[in-house]
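Heads up, the thing below is written out as structure tokens.
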Amino acid sequence: MFYTSAFFLFIPKASTVIDFEEEEQDSIEDSDELYEHHRIVVDKGQALLRIDKFLMDRLPNVTRNKLQGAIRSESVQVNQKPVKVSYKVKPLDVITITLATPPRDTEIIPEDIPINIMYEDEELLIINKKPGMVVHPGFNNWSGTLVNALTYHLQQLPTTRNGEGRPGLVHRIDKDTSGLLVIAKTEYSMAFLAKQFFKHTIERTYYALVWGVPKQDEGTIIGHVGRSVKDRRVMTVYPNGEFGKHAVTHYKVLQKYKYVSLVQCNLETGRTHQIRAHMKYLGHPLFSDATYGGDKILQGMPTGSYKTFVENAFKLMPRQALHAKSLGFIHPTTKEFIQFNSELPDDFQAALEKWSLYENQ
């Protein structure tokens with residue numbers, strides 16, 4: 001079922017200073033980052049002027065209502081502090097506009113692609129993303145993405161005509177990871193949700209099928225995650241914190257099979273490939289994860305009927321066995337905690353059933 005409603009996220013085109021590193025889209029998982037879209041230093045001779053009027057003269061194709069909404073949501077700050085709409089800019093003020101989504105120059109083309117919308121209200125959408133779908137257009141993935149699909153299904157609205165609208169991505173998951181995403185529909189919700197991610201107060205639960213059985217049934221993995229110096233497509237854990245960013249994953253073993261385990265992972269932080277890198281560091285790469293070595297037989301003798309069994313299991317799930325199962329957060333307007341849960345997709349269920357049958361042989 002598809003829904004349409006107001007969708008007006010303020011993401012203007014590139015401006016004076018942009019400070020972010022753009023990576024290939026299919027290598028991005030969740031991100032606890034806020035990105036600077038605009039930085040404006042007020043001239044020395046500037047007379048006192050309301051900030052919305054000041055910005056109206058400097059940002060093309062942006063309405064005053066959108067600017068005021070962005071200011072109220074604290075996406076616009078002056079000298080690193082939020083201000084009111086009535087604030088009057090002063091000489092040498094530094095005005096910044098920051099959002100959770102990296103700024104993009106590329107026009108997003110609406111595409112009629114089916115998407116699974118689990119929930120929608122005036123402020124947000126909850127999407128259950130299928131595996132194989134890239135979230136946002138990027139390097140080698142300029143079409144067929146979730147953003148292309150969202151833009152199509154919401155294109156009837158004035159704010160999304162002529163490529164002006166941008167779906168409000170607050171976080172992302174990998175192309176081959178399935179599961180839940182929250183999409184902001186207003187500037188206020190975008191900022192409100194982004195702050196929860198930034199402060200690590202969002203509850204995110206993933207299910208992962210991993211090779212082997214962890215020594216402890218539950219625990220916490222703490223280790224900086226950063227790109228490998230040998231291969232930038234791969235994230236590496238730096239336990240001493242010499243590189244990368246602080247990352248914390250809490251895990252719990254839900255089911256033990258003969259050579260694999262179903263593990264629940266709760267993210268305290270959301271770094272690129274965090275679960276995949278952390279579980280490999282623990283000695284238990286995700287099943288069928290080609291990037292981190294999980295597409296090889298890592299437990300048991302790789303011969304005979306067992307080898308055939310595992311190869312058939314890989315065919316059932318030709319991607320990393322990772323699903324964003326639940327998502328919980330404070331709603332932007334009701335201020336109540338809400339939580340969403342999703343079923344495991346068919347390929348994940350099939351892989352579990354196959355290992356369960358092998359266990360009982």
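Where a number appears in this text, it was derived from the coordinates with a stated rule and is not lab data. Here the structure is a predicted model, which means the values were calculated and not measured. In this analysis, Cβ positions are derived from the backbone assuming ideal geometry, glycine residues included, and neighbour counts consider all displayed protein chains.
Which of rounded, prolate, oblate describes the stretch 260-361, given a ≥ b ≥ c as roots of the alpha-carbon gyration tensor eigenvalues and a/c under 1.5 marking rounded, otherwise prolate only if a/b is larger than b/c? Prolate shape, in that a/c is at least 1.5 and a/b is the bigger ratio. Label-to-label distance for residue 217 and residue 349 is 2.7 nm, based on points extended 7 Å past Cα in the beta-carbon direction. First check a/c for the stretch 303-361, with a ≥ b ≥ c the square roots of the eigenvalues of its C-alpha gyration tensor; if it is under 1.5, answer rounded, and if not, answer prolate when a/b is larger than b/c or oblate otherwise. Because a/c hits 1.5 or more and a/b exceeds b/c, the stretch 303-361 counts as prolate. By its C-alpha gyration tensor, with a ≥ b ≥ c as the square roots of the eigenvalues, how is the stretch 193-280 shaped: rounded for a/c under 1.5, else prolate for a/b larger than b/c, else oblate? It is oblate, given that a/c is not under 1.5 and a/b is not larger than b/c. Could you list, in their original order, any pairs among 199/256; 256/335; 185/315; 175/252; 129/258; 230/256 whose Cα atoms are separated by more than 27 Å? Over 27 Å Cα-Cα: 199/256; 256/335; 185/315; 129/258; 230/256. Per-peptide packing, taken as the mean over residues of other Cβ atoms within 10 Å, places 253-262, 239-248, 318-327 in the sequence 318-327, 253-262, 239-248 from highest down. Projected onto its three principal axes, the C-alpha set of the stretch 250-319 covers 41, 23, 20 Å, listed from the longest axis down.
Relative to the Cα centre, the charge distribution of the stretch 210-361, modelled as +1 at Lys and Arg Cβ and -1 at Asp and Glu Cβ, gives a dipole magnitude of about 480 debye.
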